[in-house]
Structures are given as C-alpha cells and as structure tokens.
Amino acid sequence: MVTLGIDIGSTTSKAVMLKDGNEILASSIVIATVGTDGVSRAIDNVLKDSRIAQEEIGCMVATGYGRQTYQGSDFQVSELTCHALGVHHICPEVRTVIDIGGQDAKVLSLNEQGRMVNFVMNDKCAAGTGRFLDVMATILKLDISQLEVEAAKSQKPANISSTCTVFAESEVISQLASGVEIPDLVAGICQSVATRVASLARRVGLKEQVCMSGGVARNAGVRMAMARELGVTIVFDPMAQLMGALGAALYGFEKSGQQGK
Ligand code: ADP
C-alpha cells in the first residue's frame, strides 16, 4: 500500500511517498510559504519521481502549520506526532528530538516505543528559529546553505548578545561595519540559535540519543554548536527536514492498517 505524507510548513512544503509503511519511494522539499502552490508542487514532484498515479495513493495525511487550510487529505495530524513517528522510524534509539523549523522550535521526549511523552515549544519569538538564520543570511548576502560552510571557517565566533531578532540584526550589521569577519559572525549566529534552543531542551529533560530534525538541522554549524552547548552527540539524518512528512505517511499506513482490520 502507498501512503503520502505532506508537511505544510511556514517556509517549505514537504512530501514523502511511502510504500508499505517502510520504503521511501520519493520525497520533495519545495520552498514556499503557506497558501501558495508549494504543496501541489511537492505532491507533483513525488508523483512523478515515484511513478505512482494519484489514484494509487491509499491514504494522504497532512501535517504542519498549514495543514488545516489544505483540503484533500484523509487525516490532519500535529507536527509533534509526525516528527516523533518519523524520527523513531529512522533512528529508533533517539529519546530527544530537537526540531527547529522556519518559525518555531520544539523539543520532544520520546519513550522506547517512539511515542511522545513530553514536549516544550517556542513559537512566540523568531530568535532560535530558522527565521533568525534566514534574516541573518540575507544581511550577510549568503544563501542559507552557505552558513555551515562559513561557520566552519571561524577561528573566533562573534558574540551576538541580543536575544531579539530585530536587535540582533542591528548588532550583526554594526559588527560587520566594524570589521568582524563573516565566518566569525556566522558562527556566532549559529551559536545564538543553539543557545536558545538548548535552554528549551534542558527544560524538557535531556535524554540520549538526541537528534535534530527540521530544516535548521541541515546546518552543521548549528548542530555542532548544539552538541557543545548540551554536551551530547547530535544524531543527524539527511532526512531531517522530511521527518514530519515521513511521520505523516507512516501515520497514514498505521491508520489504514487499523481500518482494514
Ligand atoms: P517549516 O516546516 O516551518 O517550513 P523547515 O523545517 O522546512 O520549516 O525549516 C525551514 C528552515 O530551514 C529555514 O528557515 C532555513 O533556516 C533552514 N534551511 C532550509 N534549507 C536549508 C539548508 N539547505 N541548509 C541549512 N538550513 C536550511
């Protein structure tokens, strides 16, 4: 049976086509905000890449910030549930998931069965989210994917003391004007995100293994800063940004199985 999981985020739309609750046939990440055609493009991409016809999809599950506005899925499920399912499927030893997306950050505790037993969330403040990194990348005229490259070159990370994105923006501009090197600024920016989210992680109670999911997990600068900050190894899988969509597809498979019984 084929199930489709879609994760309609604030910044990107993701889709995962899954066969028999196990084999990933295709996946897609489309940069597009909620309310645009990003979801349809992500779905078209996975239909094409998997060579599966729309009618063959047994169950479609939507998750993410924009799931309520999308008509056409069989189920709508929270991102927390889906990230837990996705991460547990790929990394069953993980007990703490740090998910940093475009506009929020969540830390989830999982039990041995992969069920979420606790979580904390920051959805009030852009600092400690992908938005903070996007704003800073724009100021520094860098693509978001270049941040990790620049951070790796840093000898002396800059100290970004402002906790508010708007003030931190001015701080970065003034440090840039006073000659602080771009790699040091980027390393400081990655550190700032890690510091903020690490405090959320400590509140939920850190249990190893710890993994990062969401788009920001793709930034090795943030992953390394997080590992230093928490004193643990951070598990990372290339599927990190797709964990929610994968979890949605897994949820569809579980539900279909239950209905079929
Ligand atoms: P959402 O689900 O809220 O749309 P995502 O989990 O897709 O968010 O994460 C989006 C964030 O991921 C962006 O704001 C950006 O900071 C970060 N990001 C996206 N692509 C990359 C990349 N190639 N390298 C590093 N960071 C990235």
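The values are calculated or read from the model by the stated rules, or taken from the named source; none is laboratory data. In this text, all values refer to a predicted model and were calculated from it rather than measured experimentally. Ideal geometry is used to build each Cβ from the backbone, glycine not excepted, and the neighbour counts take in all protein chains shown. Remember, those area values only see protein heavy atoms, side chains included, never the ligands or the DNA or RNA. Shrake-Rupley method; radii C 1.70, N 1.55, O 1.52, S 1.80 Å.
Table for the structure above
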| read-out | value |
| --- | --- |
| Pair Lys19, Ser145: separation of 7 Å Cα→Cβ label points (nm) | 2.8 |
| Entries of Lys48/Lys255; Lys48/Lys207; Lys124/Lys153; Lys14/Lys124; Lys19/Lys124 with Cα pairs more than 29 Å apart | Lys48/Lys207; Lys124/Lys153; Lys19/Lys124 |
| Portion, in percent, of the accessible area of the chain that falls on carbon or sulfur, probe 1.4 Å | 50 |
| Amide H partners (placed H, <5 Å) of Asn118, local residues excluded | Ser109 |
| Karplus (6.51, -1.76, 1.60) ³J(HN,Hα), θ = phi - 60°, over the stretch 10-17, in Hz, Gly and Pro reported as x | 6, 10, 9, 10, 10, 9, 10, 9 |
| Accessible-area value, Tyr70, 1.4 Å probe, nucleic acids and ligands omitted, Å² | 50 |
| Charge dipole (debye, nearest 20) of the stretch 73-204; +1 at Cβ of Lys and Arg, -1 at Cβ of Asp and Glu | 400 |
| Listed peptides 248-257, 211-220 by packing density, highest first (mean Cβ within 10 Å) | 211-220, 248-257 |
| Relative packing of peptides 226-236, 38-48 - highest average C-beta neighbours within 10 Å first | 38-48, 226-236 |
| Rounded to whole Hz, the Karplus (6.51, -1.76, 1.60) HN-Hα couplings of the stretch 133-144, x for glycine and proline | 5, 5, 4, 5, 4, 5, 4, 8, 6, 10, 6, 4 |
| Distance between modelled label sites at Lys207 and Ile173, nm, 7 Å Cα→Cβ extension | 4.6 |
| The stretch 49-115: GluC sites (Glu not before Pro) falling in loop per DSSP and having at most 11 other Cβ within 10 Å | Glu93, Glu112 |
| Rounded if a/c under 1.5, otherwise prolate or oblate - the stretch 1-141, Cα gyration tensor axes | oblate |
| Accessible solvent surface per residue of the stretch 1-78, calculated while the other protein chains remain in place, 1.4 angstrom probe, Å² | 47 |
| Mean accessible surface per residue for the stretch 113-256, computed with a 1.4 Å probe while every protein chain stays in place, in Å² | 47 |
| Distance between the stretch 127-153 and the stretch 90-115 - C-alpha centres, whole angstrom | 23 |
| Cα gyration tensor shape of the chain, rounded if a/c is under 1.5, else prolate or oblate by comparing a/b with b/c | prolate |
| In degrees, nearest ten, helix 220-230 long axis to first principal axis of the chain (Cα) | 80 |
| Residues with amide H under 5 Å from that of Thr11, placed H, sequence gap 5 or more | Gly102 |
